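Note sheet for the following structure.
Please treat every number below as a calculation from the coordinates, not as lab data. As the structure is a computational prediction, the values presented were derived from the model and not from experiment. Quick reminder, even Gly has a Cβ in these numbers, built from the backbone with ideal geometry, and neighbours come from all protein chains shown.
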Amino acid sequence: MSTPAQALPLLPTAHAGVAPRPIRSATGEPPWVKGLLIGAALAFLAFFLFLPLAIVFAEALKKGLEVYWASITEADAGSAIRLTLIAAGIAVPLNLVFGVAAAWCIAKFEFRGKNVLLTLIDLPFSVSPVISGLIYALVFGLQGWFGEWLRDHDLKIIFAVPGIVLATVFVTFPFVARELIPLMQAQGTEQEEAARVLGASGWQIFRRVTLPNIKWALLYGVILCNARAMGEFGAVSVVSGHIRGQTNTMPLHIEILYNEYQFAAAFAVASLLALLALVTLVLKYMVEQRVKAQKRGGRSRRVTPREPEA
Amino acid sequence: MLLSRALLQRHSVLPGFDLALGFTLLYLGFIVLVPLSAAFLKTATMTWPAFWDTVTSPRVLASYRLTFGASFAAALLNVVAGLMVAWVLVRYGFPGRRIVDALVDLPFALPTAVAGIALTALYAKNGWIGSLLPFKVSYTPLGVFVALTFIGLPFVVRTVQPVLEDLQQEVEEAAATLGANRWQTFWRVILPVLTPALLTGFALAFARALGEYGSVIFIAGNMPMVSEITPLLIITKLEQYDYAGATAIATVMLVAAFALLLAINGLQAWARARQGR
């Protein structure tokens, strides 16, 4: 986000992280109002944000490092971690390919029904996680459309790993597409067209022209997609069947431990996911800066030609 | 070739339209449209009276009241607190501002189950915050409100923040020159500009809260008629193998969610028009 200097161009330039010099201007608030607002905002964030994050680690380490270590290394936790990695490892690449394909046709071409397509892509975000799981149970479950056929062929999707993967794919469906579409729309088609005129093939255009332009936004989408994929609870809960050591992801494992009053163990596994969230936020912040820089660069590139990439 | 001939409105020299759109539609169909249509088709197999009885039974009605009520209240708190947080982040410098700014997105990144157990422990009777409060929060409807506030927190901040950053300082100066005090300037000049963003943030937080499950079920206590949210009721029906009942309630929630999605799209179009983008 921008520094206060950007928001208040009249004040003396403030470097990031350093408070602007307190000058009473016609468009500023008196110091006591400022203090009150900052205090109230931080208090709200403490109650609803900082303390919930802190308590995860506090509870996880409450019974000492040994219990912590044992909780995250025992067999069921290990298999939950493995399943979470598998689900994310399949869902993220699939939605990455989809996101690029969707962004390519939406941003680079004019076609009928584009707005409908845009709305449909966003659809999974407005569906409750529980319903996301339910709809797959309706299609692949024993009472579902393909239930009998799957049973006759000895295939298991619901209450098994494929169902978990499908539900994860659904809830993370729009993430990459959503980041790419506005950026690629803003970048236009001139560079790709120039490459085409110069004789580049489709794949060359994508790899040498488009990809360098969208790589940070792509990474941004992947980071968000991955965080959601690893943390999904509701949708996965419906299709998992909660078989210990087999169909439990990390969030489901946390639920089981918690319901068995093994609080330290539950929070220990939760702390791993909280760490993942913090890493996600750091990466997100770093990539955001890059995307911003690229957007600024994108504007100037039209005027000043860049050095060709080696 | 078929897709490009049927749909393209303008010829393009760029390749890959058929492949990209073909894959997009196929994937969208398999992952999203076909499964979603299963919910509506399953509901369509029910008779109308059976459907109506299911979605208006007292326990279900109580869950709507809680889900919609708590979502509304949480989104409302987030409008006020989110505006304050955005204001402080954009306008004031204080130590740790950037870290706070980055942490605002935590509810997006933190898995809901983790948020659920953390909030429950925090607001329980013997918890860090719960022990200081004279009333119970965890295992009551108030707990649902707390969890939904957490979940919706980033939406208002992140929709208001960019508008606040783009706000023209000159307008505020003009107001001051014309004799408005700071409060009048805020109320009559700044707030009207922020209104579309605030409404959008409210709608986004509200929509997210309606479907939320993971963070709520730990803190809610899940007592039928009292602290049972609608998504949990869907799960309960599923566990009793009442697929039709679960799907009927899901259909009601889906219709509400899609109506909200349309409203949000409308709000965002309005906000863009107001911002002149």
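Beta carbons closer than 6 Å, at least 6 apart along the sequence or on distinct chains, pair a first residue in the range A:47-66 that is facing chain B (nearest Cβ under 9 Å) with a second that is surrounded by 15 or more Cβ atoms within 10 Å (Cβ to Cβ) and of a type in the set (S, T, N, Q) for A:PHE48/B:THR149; A:VAL56/A:SER271.
Can you say whether A:GLY89 is assigned to a helix (DSSP H, G or I), of a type outside the set (Ser, Thr, Tyr) and facing another protein chain (nearest Cβ under 10 Å), as far as the supplied structure shows? So A:GLY89 fails the test.
Scanning the range B:160-189 for residues that are of a type outside the set (S, T, N, Q), within 30 Å of A:SER126 (Cβ to Cβ) and in a helix (DSSP H, G or I) gives B:VAL160, B:PRO162, B:VAL163, B:LEU164, B:GLU165, B:ASP166.
Residues in the range A:221-251 that are buried (at least 20 other Cβ atoms within 10 Å of the Cβ) and not in a helix (DSSP H, G or I): A:GLU232, A:PHE233, A:THR247, A:ASN248, A:THR249.
Looking only at the range A:203-220, residues that are buried (at least 17 other Cβ atoms within 10 Å of the Cβ) and within 13 Å of chain B (Cβ to nearest Cβ) come to 5 in all.
Looking only at the range B:1-27, residues that are more than 7 Å from every other protein chain (Cβ to nearest Cβ) and within 36 Å of the chain's Cα centre (by Cα) come to 6 in all. Under 9 Å by Cβ, and 6 or more places apart or on different chains, what pairs join a residue from the range B:42-59 that is on the phi < 0 side of the Ramachandran plot with one that is among the charged types (D, E, K, R) and surrounded by 10 or more Cβ atoms within 10 Å (Cβ to Cβ)? Close Cβ pairs (under 9 Å, with a partner that is among the charged types (D, E, K, R) and surrounded by 10 or more Cβ atoms within 10 Å (Cβ to Cβ)) amount to B:THR54/B:LYS237; B:THR54/B:ASP242; B:ARG59/B:GLU228. Being free of Cβ contacts under 8 Å to residues at least 12 places away in the same chain, crowded, with 18+ Cβ neighbours inside 10 Å, facing another protein chain (nearest Cβ under 9 Å) and touching a helix residue (DSSP H, G or I) at 6+ places or on another chain (Cβ under 6 Å), is that true of even one residue in the range A:138-156? Yes, some residue in the range A:138-156 is free of Cβ contacts under 8 Å to residues at least 12 places away in the same chain, crowded, with 18+ Cβ neighbours inside 10 Å, facing another protein chain (nearest Cβ under 9 Å) and touching a helix residue (DSSP H, G or I) at 6+ places or on another chain (Cβ under 6 Å).
Taking the range A:182-201 on its own, how many of its residues are surrounded by fewer than 16 Cβ atoms within 10 Å (Cβ to Cβ) and in a helix (DSSP H, G or I)? Walk me through how you get there before you give the answer.
So in the range A:182-201, the residues surrounded by fewer than 16 Cβ atoms within 10 Å (Cβ to Cβ) come out as A:182, A:185-186, A:188, A:190, A:194, A:197-199, A:201.
From what is left, the residues that are in a helix (DSSP H, G or I) are A:182, A:185-186, A:190, A:194, A:197.
Residues flagged as surrounded by fewer than 16 Cβ atoms within 10 Å (Cβ to Cβ) and in a helix (DSSP H, G or I) within the range A:182-201 amount to 6.
Applying the set (1) at the interface with chain A (Cβ under 7 Å from one of its Cβ atoms); (2) under 21 Å from B:GLY82 (Cα atoms); (3) not aliphatic (A, V, I, L, M) to B:TRP128 leaves exactly one unmet item: (2).
Across the range B:60-92, the qualifying residues are those that are of a type outside the set (A, V, I, L, M, F, W, C) and touching a helix residue (DSSP H, G or I) at 6+ places or on another chain (Cβ under 7 Å), and the one among them that is farthest from B:LEU260 (Cα to Cα) is B:TYR92. B:TRP270 meets all of the listed conditions (1) within 12 Å of chain A (Cβ to nearest Cβ); (2) surrounded by fewer than 16 Cβ atoms within 10 Å (Cβ to Cβ); (3) over 30 Å from B:ALA121 (Cβ atoms) but one, namely (1). Those residues that are among the acidic types (Asp, Glu) and either within 16 Å of B:GLY82 (Cβ to Cβ) or surrounded by 19 or more Cβ atoms within 10 Å (Cβ to Cβ) (or both), I need them from the range B:171-202; list them, please. If the condition is that a residue be among the acidic types (Asp, Glu) and either within 16 Å of B:GLY82 (Cβ to Cβ) or surrounded by 19 or more Cβ atoms within 10 Å (Cβ to Cβ) (or both), then B:GLU172 is the only one that fits. Under the condition of being crowded, with 17+ Cβ neighbours inside 10 Å and not in a helix (DSSP H, G or I), the residues counted in the range B:222-257 number 4. Listed by first and then second residue, the pairs linking a residue in the range A:232-247 that is free of Cβ contacts under 8 Å to residues at least 60 places away in the same chain to a residue that is acidic (Asp, Glu), with Cβ atoms under 9 Å apart and 6 or more places separating them unless they lie on different chains, are A:HIS242/A:GLU255.
For the range B:133-167, a residue qualifies if it is over 30 Å from B:ARG91 (Cβ atoms) and surrounded by fewer than 24 Cβ atoms within 10 Å (Cβ to Cβ), and the qualifying residues are B:LEU133, B:PRO134, B:PHE135, B:LYS136, B:VAL137, B:SER138, B:TYR139, B:THR140, B:PRO141, B:LEU142.
So in the range B:218-266, with the set limited to residues that are of a type in the set (S, T, N, Q) and in contact with a Lys or Arg (Cβ under 9 Å, 6 or more places away or on another chain), which one is nearest to B:ILE151 (Cα to Cα)?
Start the filter on the range B:218-266 by keeping residues that are of a type in the set (S, T, N, Q), which leaves B:222, B:227, B:230, B:236, B:240, B:247, B:251, B:265.
Going one step further and asking which of them are in contact with a Lys or Arg (Cβ under 9 Å, 6 or more places away or on another chain), we end up with B:247, B:251.
Numbers: B:THR247: 25, B:THR251: 23 Å.
Per the stated criteria, the residue is B:THR251.
Scanning the range B:42-100 for residues that are assigned to a helix (DSSP H, G or I), among the hydroxyl-bearing types (Ser, Thr, Tyr) and over 24 Å from the mean Cα position of the chain (by Cα) returns B:THR43, B:THR54.
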